[in-house]
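Q: Dropping a structure here in structure tokens format, bear with me for questions.
The values are calculated or read from the model by the stated rules, or taken from the named source; none is laboratory data. Since this is a predicted model, take the numbers as computed values, not measurements. A quick note on method: Cβ atoms are made from the backbone with ideal geometry, for glycine too, and the neighbour counts reach across all protein chains shown.
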2 protein chains.
Amino acid sequence: MARVGLTVDRLARAGAELADEVGFEHVTVSELARRFDVKVASLYSHLKNSRDLKTRIALLALEELADRAADALAGRAGKDALIALANVYRDYARAHPGRYAAAQFRLDPETAAASAGVKHAQMTRAILRGYNLTEPDQTHAVRLLGSVFHGYVTLEMGGGFSHSAPDSEETWSRTMDALDALLRSWPAPSTTTG
Amino acid sequence: MARVGLTVDRLARAGAELADEVGFEHVTVSELARRFDVKVASLYSHLKNSRDLKTRIALLALEELADRAADALAGRAGKDALIALANVYRDYARAHPGRYAAAQFRLDPETAAASAGVKHAQMTRAILRGYNLTEPDQTHAVRLLGSVFHGYVTLEMGGGFSHSAPDSEETWSRTMDALDALLRSWPAPSTTTG
DNA sequence: CAATTTGCCTAACACTTTTAGGAAAATGTA
DNA sequence: TACATTTTCCTAAAAGTGTTAGGCAAATTG
């Protein structure tokens, strides 16, 4: 009966490590209990249910990611800042694939609103200060950057870029060049479409 | 004992429908059996295991998506083709979220190589014929387009763009403008980085 | 030190996955 | 048509996960 000293925070941290080892989708309350050498039911004093666990891991990952992003952005502007932020996501995903997947976990709206997730959009927006974009375009650009960062990282992790010739490192650097060029001369809306 | 007439194809199709209803991650062999009014064990005459089921749903989705992409691309070139292909992914994801998620399912290398997945890269490459890109750059561009399509669709489906002001429809159209502009004047590699 | 709260336990139930072995239906063959 | 084989579905059962209920001992509080 000696108490192990479980807390939601320790569970979330251990859950994050577990996610990195076995993949976020295979994180299980049972396995977590096993790692603490404790019976499964005991975790239910700390967690509402297994979704609660996943949510906490997601929040942890979002927080870690936001911290790193803030560090990376400090003192940088323009393309330098763009590259730094992009690398934060990519490096994090490679070092912590389970946590990165967790950060993508669909949170309910209130939880999401209170999460570090909102900081990410703000930091992406901060990058755009170095470029000359005014309001509606700024939001479009934030969304595009988010799409590229997330899309690239996801496809790369999934092995999508590992087969063919130019290595992913080079594509990544060229993608940064492309985004920088694009933001510098952001095109006006085409008349045919909008 | 009357035979229901199960086949792997029917199971995969029903699995795809189930995925659209409950989400790909909640597709379960048990639920599928229930829908055919058959005992769970019976499905194991047709499926190796639950991963097998998910693989078949993924292959089905990749195929459907490739067919639609091929149709959309027929007779189009340049920006027109770019928009058509991008819309195929987005529309498919919205109409069939479970199938779209299935298409992202990580297949083992041999299965992936034999899947319709390879056609997708080819079709994206086909779009670039309308732009003037030569070999290493063409691959970089294919990867960038893939990243944007997938990233945008994923974030949009996850509700990431539903809160703030300019609606997602507008951002989408501006994203198409941006990609077209980018492909038209694809930047040379920056000297500092590569 | 007594009272209360908290943390972990056992027990139990529901559900999913998967294997083994049987019986009836479908199919092929003489 | 009659018989042999294969296929499809079944029952039974084991193992794993999620979750709730209720209990007892440890920690905390007054």
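Q: In the list A:141, A:188, which residue meets the criterion of being among the small types (Gly, Ala, Ser) and more than 20 Å from residue B:154 (Cβ to Cβ)? Steps first, answer last, please.
A: Values: A:141 fails: more than 20 Å from residue B:154 (Cβ to Cβ).
Going through A:141, A:188 in turn, the sole match is A:188.
Q: Could you check segment B:107-121 and list, in sequence order, the residues that are over 22 Å from residue B:67 (Cβ atoms) and within 11 Å of another protein chain (Cβ to nearest Cβ)? Steps first, please.
A: The first filter runs over segment B:107-121 and keeps only residues over 22 Å from residue B:67 (Cβ atoms), leaving B:108-110.
Matches in segment B:107-121: B:108, B:109.
Q: Using the structure shown, decide if residue B:125 is of a type outside the set (A, V, I, L, M), touching a helix residue (DSSP H, G or I) at 6+ places or on another chain (Cβ under 9 Å), under 18 Å from residue A:156 (Cα atoms) and without any contact (Cβ under 8 Å) to a residue 60 or more places away in the chain.
A: yes
Q: Right, here's the next one. Output the number of residues of segment A:10-46 satisfying the condition of being under 25 Å from residue A:119 (Cβ atoms), within 12 Å of DNA strand C (Cβ to nearest atom) and not charged (D, E, K, R).
A: Qualifying residue count, segment A:10-46: 1.
Q: What number of residues in segment A:85-103 are within 14 Å of chain B (Cβ to nearest Cβ), free of Cβ contacts under 8 Å to residues at least 60 places away in the same chain and surrounded by 18 or more Cβ atoms within 10 Å (Cβ to Cβ)?
A: Pass one, segment A:85-103, residues within 14 Å of chain B (Cβ to nearest Cβ): A:86-87, A:89-90, A:93, A:97-98, A:100-103.
Then keep just the ones that are free of Cβ contacts under 8 Å to residues at least 60 places away in the same chain; that gives A:87, A:100, A:103.
Pick out the ones that are also surrounded by 18 or more Cβ atoms within 10 Å (Cβ to Cβ) and you get A:100, A:103.
Total satisfying the criteria: 2.
Q: Taking helices (runs of 4 or more DSSP H) that do not extend beyond segment B:70-184, which have at least 1 residues that are aliphatic (A, V, I, L, M) and modelled with pLDDT of 95 or more? Outline the logic, then answer.
A: On the way: elements: B:78-95, B:97-103, B:109-114, B:117-127, B:135-157, B:168-184.
The helices (runs of 4 or more DSSP H) meeting that bar are B:78-95, B:97-103, B:117-127, B:135-157, B:168-184.
Q: Still on this structure, please answer the following. Being facing chain B (nearest Cβ under 9 Å), among the small types (Gly, Ala, Ser) and surrounded by fewer than 17 Cβ atoms within 10 Å (Cβ to Cβ) is the filter here, so list the residues in segment A:122-164 that pass it.
A: Passing the criteria: A:158, A:159, A:164.
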